[in-house]
Amino acid sequence: METRVELTEADKVDQTLGEANLAHPKGLYVCFFTEMWERFSFYGLKALLIFYLTDHFLFSDLEAANIFGNYFALVYALPLVGGVLADRYLGGKRAVTFGAILLCLGHFGMAFEGQAAYIDDLGNKVESTGLSMFYLSLSFIIVGVGFLKPNISTIVGKLYDRNDPRKDAGFTLFYMGINIGAALSSIVCGYVGTQYGWSYGFGLAGFGMLLGLVVFLGGQKHLKGFAEMPDKQMLTESLWWRFTREHLIYAFAIVMVMLVALVIGDHQVVGGLLGFSFVAIAVWLVWYCIQEVSLEVRQKLYAAVSLVMMSTVFFLCFLQSGSSMNLFADRVTDRVLFGVEIPAPMFQSLNAIFIILLAPLFAKSWQWMIQKGVAPSTPMKFALGLLQVGLGFLALVMGLAFSKGDQQVAMGWLVLAYLLHTTGELCISPIGLSMITKLSAGKIVGLMMGLWFLGSAIAEYIAALLAGNSSAEQLGLTQHQSFTLLYTDIMWIAFAGAALTLVLTPLLKRWMWDVD
């Protein structure tokens, strides 16, 4: 006979609170959909960019790789500036909103193609009339991402307590939102851009960013005030004539747009700026650690910086996707499926699709392993991520080896590589975002989030150097030979990074103190 136990009112309250504590904050979903549409615009551009550079502007593979690398390096570097300005003055709401507006301007500007470049009767290249507008539009996007990207992630971190066990799972779900936008845009913008025209593909990307801005502004009540400015009086005080500090920050951003437009085509200048930024932030962190009296805070920063360096190794491998792997899909991959040829840009969606499918599984797995006491530490997750990205490039090398002569590489090898890269990414990217918010002192979390993206910027710059200097036209090799050489080198870089991280794991775990 079944016995029914009546719950007291106190029991019902405890049960309700327990269920509420398992749920994620509603603000997570506001950030989820905002970032989803921002990534729709970002990855829509990424899917088309390398082909736009080589087909519309007639850049060589080396020139296209350098411009591609400059763009993405600056995209990942500028969050350092946006993170600091939001931490000290603007707050998340203003920084994200302003960044979204700049992004809309940039993406809609990309819809202006101008006349395509062409080779005249004398064999000289005549530049496209849209080249100046192209550089300016990319610059609006770069600065816009600098204001939006670090601060939307920081808001997610603030929605949870420092050691909330839901935090890693929350960031993994947030990362899934990013990749829903990436998957949709790579398929939709990639298809529309190649089949109907560049301007239509880029225009769709701009429309996605506009939707993201609407979602963010409409969901402010769910962010619990974590996105507000830190000091209203400091932000609104007049500094020069009638211009407040807020006005001057926005003016500074527009000046940055113009400066970026001037340097984006010069790979050496961009490399110098990245190097200067790295040295400057390193000196500042040394000074901060000297001033900081707490051993725990210092060692947590040591651990965070070490893991940022390991993530840089991961991303210099992983970020071949938009440049050399896009060209790999276009030039040496058999893309015919059931009698239909798949446009090369659409393969960019594989990484995002795999994340959508696997992110909930990884989130649940981390939670289950935590409950069982068998969860790998953050450094161990980084080592696993590096190992898997190396295996992904091993798959591409094997695919090239199995294709005899100049035969097309079977599509399955490229799909397998994207799958392995994705499982590696899920061990590093969302975990890294969560790690930064856990290990950073509260007053510099935006700066440290910017440092995380600066590591990705340096990685993208190196990735472009590797891809450009290993191109077939540079080495005088066949496409198969040049891709084999490039991907073999990258494979060994990834394996070496995994081994080093594994060796350093015990030390990093001690430096992390109470953070897993």
Residue that is surrounded by the fewest Cβ atoms within 10 Å (Cβ to Cβ) [pool: residues in the range 321-342 that are touching a helix residue (DSSP H, G or I) at 6+ places or on another chain (Cβ under 6 Å), modelled with pLDDT of 90 or more and outside any helix (DSSP H, G or I)]: D334
Scan of the range 300-320 for residues that are open to solvent by 40 Å² or more (accessible area, probe 1.4 Å) and at pLDDT below 90, ordered by number: Y302, V305
Some residue of the range 391-401 being touching a residue at least 24 places away in the same chain (Cβ under 8 Å), touching a Lys or Arg at 6+ places or on another chain (Cβ under 7 Å) and in a helix (DSSP H, G or I): no
Tally, over the range 343-383, of residues that are part of a helix (DSSP H, G or I), open to solvent by less than 70 Å² (accessible area, probe 1.4 Å) and either under 23 Å from L319 (Cβ atoms) or in contact (Cβ under 8 Å) with a residue 60 or more places away in the chain (or both): 26
Residue count for the range 118-153, restricted to those that are surrounded by fewer than 24 Cβ atoms within 10 Å (Cβ to Cβ) and farther than 23 Å from W198 by Cβ: 4
Selection status of G91, small (G, A, S), on the phi > 0 side of the Ramachandran plot and at pLDDT below 85: yes
The range 184-205, residues that are under 17 Å from C104 (Cβ atoms) and polar (S, T, N, Q): S185, S199
Flag for Y191 being under 26 Å from P360 (Cα atoms) and in contact (Cβ under 8 Å) with a residue 12 or more places away in the chain: no
Pick from the range 402-421, criterion more than 21 Å from the chain's Cα centre (by Cα) and among the aromatic types (F, W, Y), ranking: modelled with the lowest pLDDT: F402
Answer from V156, V96 - the residue that is farther than 21 Å from A205 by Cβ and either of a type in the set (A, V, I, L, M) or touching a Cys at 6+ places or on another chain (Cβ under 6 Å) (or both): V156
Pairs, first over 26 Å from Y461 (Cβ atoms) in the range 275-301, second of a type in the set (A, V, I, L, M, F, W, C) and open to solvent by 40 Å² or more (accessible area, probe 1.4 Å), C-beta under 7 Å, six or more apart: E296/W513; Q299/W511; Q299/W513; K300/W511; K300/W513
Selection from the range 454-468 of residues that are in contact with a Leu (Cβ under 8 Å, 6 or more places away or on another chain) and either outside any helix (DSSP H, G or I) or open to solvent by less than 10 Å² (accessible area, probe 1.4 Å) (or both): L454, S456, A457, A459, E460, A463, G468
Residue match in the range 99-117 (condition: more than 23 Å from I142 (Cβ to Cβ) and crowded, with 22+ Cβ neighbours inside 10 Å): no
Answer residue from the range 231-251, given it is among the basic types (K, R) and in a helix (DSSP H, G or I) and is most open to solvent (accessible area, probe 1.4 Å) among those: K232
Given (1) part of a helix (DSSP H, G or I); (2) free of Cβ contacts under 8 Å to residues at least 24 places away in the same chain, number of the condition L477 does not satisfy: (1)
Candidate set: the range 501-516, residues that are surrounded by 15 or more Cβ atoms within 10 Å (Cβ to Cβ) and part of a helix (DSSP H, G or I); chosen: the one nearest to the chain's Cα centre (by Cα): T501
Filter result for the condition that a residue is surrounded by fewer than 18 Cβ atoms within 10 Å (Cβ to Cβ) and not basic (K, R), over L285, L259: L259
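The values are calculated or read from the model by the stated rules, or taken from the named source; none is laboratory data. Given the structure is predicted, the values throughout are model-derived calculations rather than measurements. Cβ atoms come from the backbone with ideal geometry, glycine included; neighbour counts cover every protein chain shown. Side chains included, ligands, DNA and RNA excluded: accessible areas come from the protein's heavy atoms. Shrake-Rupley method; radii C 1.70, N 1.55, O 1.52, S 1.80 Å.
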